[in-house]
Amino acid sequence: MTQLTGLEEEFVRRSGGRLETEAYLREVFRERGKIGSIYDSNVTAFDPYPFSPYPRANDPLLESIIAPTTMAMVDFVTRVVGWKTDASYHSLSYEVGRNWDRGENRSMPMGAVPDLRAAVAADPKLRVIIAHGWNDLSCPFMGSLLIVDQMPVMGDATRVSVREYPGGHMFYSRPASQADLRKDVRAMVEKH
């Protein structure tokens with residue numbers, strides 16, 4: 001585990017070999033006094049509380065894009081669309097995140113998996129690409145690989161595929177990853 005992650009052996013041992021995402025993102029960059037982003041673990045920022053026993057800083061990538069995203073949306077809505085309002089715009093609402101209904105029925109898979117299975121079963125011509133960035137720890141591609149591997153084969157086993165690209169949660173912001181995704185989607189559409 002230490003060879004794969006670059007983490008100190010003692011930390012891995014204390015963690016029982018099971019590394020929590022937030023702990024990994026703090027520990028792997030600790031010597032440089034930085035923390036990594038869950039959305040792209042290559043994006044780092046200085047940790048304002050490096051000696052705190054728990055994380056106290058917001059995600060470095062998310063924190064850096066909230067203000068410019070908000071400004072761009074307010075400009076677009078007011079200047080381009082022409083809609084004027086006294087209401088405030090929030091590109092990210094922590095309140096909504098805290099109150100998100102994650103469902104009460106834990107016996108059913110969460111997310112879009114039941115809908116994906118039903119759609120693939122209903123349409124024998126449907127093809128799906130589930131795209132991920134390699135460094136996205138908020139939506140790790142291995143979860144999608146596991147989900148697809150556990151789906152029953154319904155006709156052509158390649159109808160549902162998982163593709164990974166260099167980058168994080170928004171891997172398509174990298175020109176090379178965007179081009180690779182476009183190429184893969186075009187190839188999928190041409191099979192139809």
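For this structure, a couple of remarks:
- Near pairs, Cβ below 7 angstrom, 6+ apart or cross-chain, from region 174-192 (in contact (Cβ under 8 Å) with a residue 24 or more places away in the chain and under 14 Å from Lys125 (Cα atoms)) to any residue that is surrounded by 14 or more Cβ atoms within 10 Å (Cβ to Cβ) and among the aliphatic types (A, V, I, L, M): Met188/Ile129
- Within region 128-147, tally of residues that are small (Gly, Ala, Ser) and farther than 20 Å from Lys183 by Cα: 3
- A single entry from Thr5, Thr44, Thr78 fulfils the requirement of being surrounded by 13 or more Cβ atoms within 10 Å (Cβ to Cβ) and farther than 20 Å from Trp134 by Cα: Thr78.
- Residue list for region 10-48, filter: under 21 Å from the mean Cα position of the chain (by Cα) and among the hydroxyl-bearing types (Ser, Thr, Tyr): Thr21, Tyr24, Ser37, Tyr39, Ser41, Thr44
- Note on region 62-85: among residues that are among the small types (Gly, Ala, Ser) and assigned to a helix (DSSP H, G or I), the one that is farthest from Ser37 (Cα to Cα) is Ala72.
- Filter pass, Phe11 being among the aromatic types (Phe, Trp, Tyr), exposed (fewer than 14 other Cβ atoms within 10 Å of the Cβ) and over 23 Å from Arg174 (Cβ atoms): no
- Test: Asn58 is over 30 Å from Met188 (Cα atoms) and in a loop (DSSP other than H, G, I, E, B): yes
Every read-out reported here was derived from the displayed coordinates using simple, explicitly stated rules and does not represent laboratory data. This is a predicted model, so every value here is computed, not measured. Cβ: placed from backbone, ideal geometry, glycine included. Neighbour counts: every protein chain shown.
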